[in-house]
Every structure is written in C-alpha cells, then in structure tokens.
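Student: Below you'll find the structure I mean.
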Amino acid sequence: MLTDEQVAQRLGEGRLVEGPDYASESYVKGLARTLVVSGDTELISAPAYLKAAAHAPRLQSYISVVGIIQDELGHAHIAYRMLRDLGVDTDELIYERDPSDFRHPYAFDVPLESWSEMVVANGFYDRAGFVLLSDIFEHTSYGPWKRALVKVDREETFHLRHGEQWMKTLAADTSAHDDLQRAVDWMFLMTLEWFGLPDDLKRHREQIEFGLKGKTNDELRQTWMSTAVPFCESIGIDVPAHFDAERGEYVIDCPFPQQFDEAGKRWLTEEGEVSWDEVLERWRRRGPANEELVELIQRGRLELARAA
Amino acid sequence: MTAATVAEIRQALAETLDPEYPVGLVDLGLVRGVELDGGTARVEIAYCSLGCPCIALIEADIEERLLRLEGIERVEVREVFEPWSRRDVSAKGLRILREAGVG
C-alpha cells in the first residue's frame, strides 16, 4: 500500500490507480464508500421498478421496464465486483446487512405506485444516475471502474429516453396530465435532494481530493437541472426552478431543503426551509419502502438457507 | 418540392440512431424493407431480440424522422420476426460498438 502523499503524487502525474496495491488506506476507504452508494442505488432500483412495472399500460412498456431493471442489476454487479476486488465480502454486504444500512438515496425508499411515478423515475432518477456516473466516468482516478463504466451511460441514456418519451405522452393527454404533474411535484425536489449536502456544508472532501469524482454536489445538482428543467418546461409541466440568466445558473424557486410527508407523498412547503441536519435525520430513519425493497433482494437467499 | 424517394427514406433510417448506441438502424442491420405508397412510408424492422426493450422508442424515432421528409404523411413500422445476429451489423457499426465497449 502507498501513503496518501504517494497517491497524490501519482495522480498528479496523470496516472490512474489500477488496484488497492497502488492506493493508500484512505483512498481505498473513500473509493469503497463511493462504490457502496453506487451499487446499492442500482440494486435497490430493481425491486422498486419491478413493483412499479405492474402499472405498465402496454406489454411493450412492461418489457421496456424489465429491460431497464436488467441493466440496473448489471450496473450494481459492476460496483459490487469492484468492491470484491478491494477485499469486501459482497455476499455479506448484500444479503446480511440491515435494510437501514443500505446506502441508496432516500428517494428509492418512497414507493413508486403508478405508471406516472415509474416514468418520472426514469426521467428524473435515471437522469441523476446518468449525471453522477458520467462524472465518475470522466473524472475517476480508479482505472478499473472507469473502464467498466463505458457501457453504463449508454444504457442510462435509454432509460432516460424511455422516461422522457412517456412523460411527453402523458403530458399531452388531458386525462393523464394532472397525475403526471402530481408525480413531478414530489419527485423533483426528491431528486434535487439526492445530490446531497450543499458544498459549504460538505464534510468529506476525499472524493474530490483523490479524484474519485470531479464535480461537487452543487455542480452536479446544476448539471441535472440544466436538462431536467428545460425538458419539463418543453412539455408543459411545472417545476419549482428556473434559469437565472444574470447569475448564469439554475435557481430553486421554493424553500430547499424541505420536510417530506411520507404518507401524503408531499413536501411541507408551508413549513418553509428546514436544516440539512433534519434531512439527514429523515434519511437515517429511511423511508416507508426501505425494508420491503431490501427484503425482496434478500429473501431468496434466506429461503434457500432455511430449506437446507 | 418533390416527394421523398425510397433512397431518401433509407438514408433517413441510416441517420436514425439506436436509443443506446450511436449506430444507425441501417448499420445495425435492423432495416429489412422500405416501401413507399403515396404519402405512406412502410418500414420493416427486425429487432435484435424478441424482448427488445427499445422497440417503442425505435418505432417512435423512425416515425418522427420520416415525417420530416417531404411528402411523407404516414409512417407504418412493421416488426418482422427475422433472425438477427452480429453478422448483420456493418463494419462501421461494429467499429462504433467496439468503441462503446460491446462486441
């Protein structure tokens, strides 16, 4: 293993890290943390989407969502394989972890319960995945991950297009428009929240310092809005953000962050802005679908073990 | 303006890209027939697999692209259940797929 200084020097020479032997302990720790979040996010999207696929209005759309789920599981497989190569016991990680210890964003712990919510997930959540993974692909200093990600963004592009195509169709249909708007109303802020603490509150800096990712949380949030907001505007769907030409960036037009009413699936805008500590507290509690989704992943292995 | 020809429809299909990989539908070997009947363009497509998750997107892309051609008022995309394999992909298509990490 190398020291942090040796790693920094090699990175400064433009070299990629090709495995734990060429990294320091804190580099590996930071990398592992990033990989667990990525793997868990992709993995948990599978049962979340599978439940929502039941609302597909056509056989062809059911096939599309199932195809998306297969891609997501493949992406999860990449992240866990990288972790295994770092010496992590991934069977234990996936099958023996408590649901509340999974690191996927809180957004997936709020169940998707209609076709509108399914396609907004493709249009918003998969766009967030695309933004985050593109950044990692472009900037990561970890060679094996960079090479494994070549295909991933192509697949996320298809998920995103599936979401946009359907959002456009539902927005133009007077009987479906309001239902789509309701899904966007809770899922837009949910995705903004996904990118995490604003830069001035962020505690872990090793992701940027070690070149594990390139853009900061606020920059990634801006990148996401730079395509999500104009897209929603183009199909006549309202979102609480707009481009401020003077500041040259997207501005959120409502209190942010806010508290979320899980049962009513709505933001408590009337209560105004809350602190990020309150948001972190809600994330730590996890959302209503957390246990069910993790159980859907873990159940088969447990049943087999019991039968043996 | 003169109405579009079958050759122009083929060219438009060649420029229509697969939803995942930046390869045109002709290079991918999916286009199995093109017919022009007045203002109606009829296209026959074989998909890479029966459970291809991109069928609806590819159909929508074909329709959107061909309707931009002069004199095309209607587009009919018909799925043909013909076999497809990597041998149907052009040399250019294979090169692009390799760059994207496939094949």
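Readers should treat all values here as calculations from the given coordinates under stated rules, not as data from a laboratory. Everything numeric here is computed off the predicted structure, so don't read it as measured data. No Cβ is skipped: glycine too gets one built from the backbone with ideal geometry, and neighbour counts run over all protein chains shown.
Student: Of the residues A:Thr169, A:Thr227, A:Thr223, which is part of a helix (DSSP H, G or I), within 14 Å of chain B (Cβ to nearest Cβ) and β-branched (Val, Ile, Thr)?
Tutor: After applying the criteria, what remains is A:Thr169.
Student: Return the residues of segment A:255-279 that are of a type outside the set (Phe, Trp, Tyr), touching a residue at least 60 places away in the same chain (Cβ under 8 Å) and assigned to a helix (DSSP H, G or I); say none if nothing qualifies.
Tutor: A:Val279
Student: Looking at (1) in contact with a helix residue (DSSP H, G or I) (Cβ under 8 Å, 6 or more places away or on another chain); (2) surrounded by 15 or more Cβ atoms within 10 Å (Cβ to Cβ); (3) away from every other protein chain (no Cβ under 14 Å); (4) acidic (Asp, Glu), which is the one condition that is false for B:Glu44?
Tutor: Unmet condition: (1).
Student: Taking the residues in segment A:253-284 that are touching a Lys or Arg at 6+ places or on another chain (Cβ under 9 Å) and closer than 14 Å to A:Leu192 by Cα as candidates, determine which candidate is surrounded by the most Cβ atoms within 10 Å (Cβ to Cβ).
Tutor: Filtering segment A:253-284 for residues that are touching a Lys or Arg at 6+ places or on another chain (Cβ under 9 Å) and closer than 14 Å to A:Leu192 by Cα, the one surrounded by the most Cβ atoms within 10 Å (Cβ to Cβ) comes out as A:Phe260.
Student: Another question, if that's okay. From (1) more than 15 Å from the chain's Cα centre (by Cα); (2) acidic (Asp, Glu); (3) in a helix (DSSP H, G or I), pick out the condition that doesn't hold for A:Asp153.
Tutor: Only one criterion in (1) more than 15 Å from the chain's Cα centre (by Cα); (2) acidic (Asp, Glu); (3) in a helix (DSSP H, G or I) is unmet by A:Asp153, namely (1).
Student: Taking A:Glu72 and the conditions (1) over 18 Å from A:Glu292 (Cβ atoms); (2) of a type in the set (D, E, K, R); (3) within 14 Å of chain B (Cβ to nearest Cβ), which numbered condition does it fall short on, given that it satisfies the others?
Tutor: All conditions are met except number (1).
Student: Inside segment A:172-183, can you point out the residues that are surrounded by fewer than 22 Cβ atoms within 10 Å (Cβ to Cβ) and part of a helix (DSSP H, G or I)?
Tutor: A:Ala172, A:His177, A:Asp178, A:Asp179, A:Gln181, A:Arg182
Student: Here's something else I'd like to know. When you look at B:Arg32, is it in contact (Cβ under 8 Å) with a residue 12 or more places away in the chain and more than 14 Å from chain A (Cβ to nearest Cβ), yes or no?
Tutor: yes
Student: Looking only at residues in segment B:64-87 that are in a helix (DSSP H, G or I) and surrounded by fewer than 17 Cβ atoms within 10 Å (Cβ to Cβ), which one is farthest from the other protein chains (Cβ to nearest Cβ)?
Tutor: B:Arg87
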